[in-house]
Amino acid sequence: VSPTIEMQPGEIQRWRFVNATMSETAWLRYQFQPLNPGGPVPEIRQIAYDGIQLAPERYLDQLFGQSQQFTLAPGNRVDLLVKAPASDQANLVFTPIHGGQTTPQPILVTLKVTGSPAASMQFPDQSNYPPMPAWLKWDEKDPRNEIRDTRKLRFDNDATQRPAIDGKAFDGHVNQLIALNTAEEWVLENYWPGSIHPFHIHVNPFQVLEVYDPNAEMQTVLSEPYNWADTFVIPAAGTVNGKFTPGRLRIRTRYTDFTGTFVLHCHLLDHEDRGMMQEVQIVDLKAPKLELPMHH
């Protein structure tokens, strides 16, 4: 609890954070604060989200690469480069995003800068930032990226008020049947006014195109190249101009390599375990039809 990490002045380390909690109040914003008012804090650069590399264009923008804050919902992971200042100490603190709290909570990590300056260490810049792998690029002209289908999923309740998707609690049957080597765009809506739902899907990560939070005074506008994730918050529902309005997330993805079944679910595990989960099946339409053997 509250460990101290020692670094040399100017040293750069790679840190990976995992939000392994399961409550809606654990959607958190993290930032360094100086131990002494007005003192220095380390510089940070976000380089990956959910284990997936950020595009070079994101490395220098104000929301990700250059931001002195980062956010994590349950199930999220983030990779940072952390550069120690010339001296002094700083505390990494966190503030809940959901629930109206604004006061930083107890210290997560204390960074202590000590010893002689580290050998010259610099953040990578656009001249030497690792290029994006081909599978993470989305070429709009590539016919494989043509959006073949759109789907809308409602994160809501069933008739007995169990957490559900599209009004149906998980029952082990396939809910989403998808063809291999196709691309789709999904709209995910949150009909709970009192809770976020971190959407998580196995196997195939997705690009986040749009986030709409009816409780926010200003909406974040996303632009290409869009970030990839496998877990992302669908904001809570709210009231806009006197009308009930669900929170919304718009994503796109393509289904390559894997055929078979897996799940999508809310990453608040008490929601998932009570029914807010669906089974997905990817099928290869070009594969020969095989007669199933005797099975149970």
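The values are calculated or read from the model by the stated rules, or taken from the named source; none is laboratory data. Because the structure is predicted, anything quoted here is derived from the model rather than measured. Positions of Cβ are generated from backbone atoms using ideal geometry, with glycine treated the same way; all protein chains shown enter the neighbour counts. Side chains are part of the model used for accessible areas, which takes the heavy atoms of the whole protein and leaves out ligands, DNA and RNA. Shrake-Rupley method; radii C 1.70, N 1.55, O 1.52, S 1.80 Å.
Annotation for the stretch 178-198: at least one member residue is loosely packed, with under 14 Cβ neighbours inside 10 Å and within 29 Å of Thr71 (Cβ to Cβ). Of all residues in the stretch 225-246, which are without any contact (Cβ under 8 Å) to a residue 60 or more places away in the chain and either in a loop (DSSP other than H, G, I, E, B) or under 25 Å from Leu28 (Cα atoms) (or both)? Scanning the stretch 225-246 gives Pro235, Ala237, Gly238, Thr239, Val240, Asn241, Gly242, Thr245.
Those residues that are closer than 25 Å to Thr21 by Cβ and modelled with pLDDT under 90, I need them from the stretch 48-69; list them, please. Within the stretch 48-69, Leu63, Phe64, Ser67, Gln68, Gln69 meet the criteria.
Of all residues in the stretch 1-52, those satisfying the criterion of being over 21 Å from Ser127 (Cα atoms), buried (at least 17 other Cβ atoms within 10 Å of the Cβ) and among the polar types (S, T, N, Q) are Asn19, Thr21, Gln31. Restricting attention to the stretch 247-271, the residues that are assigned to a loop (DSSP other than H, G, I, E, B) and open to solvent by 20 Å² or more (accessible area, probe 1.4 Å) add up to 5. Residues in the stretch 53-70 that are within 15 Å of the chain's Cα centre (by Cα) and surrounded by fewer than 17 Cβ atoms within 10 Å (Cβ to Cβ): Leu63, Gln69.
Residues in the stretch 272-281 that are over 20 Å from Pro205 (Cβ atoms) and open to solvent by 10 Å² or more (accessible area, probe 1.4 Å): Asp273, Arg274. Filtering Asn145, Asn128 for residues that are at pLDDT below 95, closer than 24 Å to Asn175 by Cα, among the polar types (S, T, N, Q) and out of contact with any Gly (no Cβ under 6 Å at 6 or more places or on another chain) leaves a single hit, Asn145. Quick one: Gln219 ticks every box in (1) without any contact (Cβ under 8 Å) to a residue 40 or more places away in the chain; (2) open to solvent by less than 40 Å² (accessible area, probe 1.4 Å); (3) not in a strand (DSSP E or B) bar one, so which box is it? With respect to (1) without any contact (Cβ under 8 Å) to a residue 40 or more places away in the chain; (2) open to solvent by less than 40 Å² (accessible area, probe 1.4 Å); (3) not in a strand (DSSP E or B), Gln219 is out only on (2).
Could you please let me know if Pro106 is closer than 30 Å to Glu24 by Cα and either in a loop (DSSP other than H, G, I, E, B) or among the acidic types (Asp, Glu) (or both)? Yes; evaluated as a whole, the condition is true for this residue. Scan the stretch 10-47 for residues that are part of a loop (DSSP other than H, G, I, E, B), in contact (Cβ under 8 Å) with a residue 60 or more places away in the chain and within 20 Å of Ser87 (Cβ to Cβ) and the total you get is 4. For Gln101, the criteria (1) open to solvent by 20 Å² or more (accessible area, probe 1.4 Å); (2) part of a loop (DSSP other than H, G, I, E, B); (3) modelled with pLDDT of 90 or more hold in every case but one, which is (3). For the stretch 132-169, how many residues are open to solvent by 70 Å² or more (accessible area, probe 1.4 Å) and part of a strand (DSSP E or B)? Total meeting the criteria: 5.
Looking at the stretch 257-278, is at least one residue closer than 25 Å to Ala48 by Cβ and polar (S, T, N, Q)? No, there is no match, as no residue in the stretch 257-278 is closer than 25 Å to Ala48 by Cβ and polar (S, T, N, Q).
For His202, the criteria (1) open to solvent by 50 Å² or more (accessible area, probe 1.4 Å); (2) in contact with a Lys or Arg (Cβ under 6 Å, 6 or more places away or on another chain); (3) in contact (Cβ under 8 Å) with a residue 60 or more places away in the chain hold in every case but one, which is (2). Only one entry in Thr239, Thr253 is under 17 Å from Asp50 (Cβ atoms) and at pLDDT 95 or above, namely Thr253. Residue check: is Leu111 within 21 Å of Gln33 (Cβ to Cβ), surrounded by 15 or more Cβ atoms within 10 Å (Cβ to Cβ) and out of contact with any helix residue (DSSP H, G or I) (no Cβ under 8 Å at 6 or more places or on another chain)? Spelling it out, Leu111 is indeed within 21 Å of Gln33 (Cβ to Cβ), surrounded by 15 or more Cβ atoms within 10 Å (Cβ to Cβ) and out of contact with any helix residue (DSSP H, G or I) (no Cβ under 8 Å at 6 or more places or on another chain).
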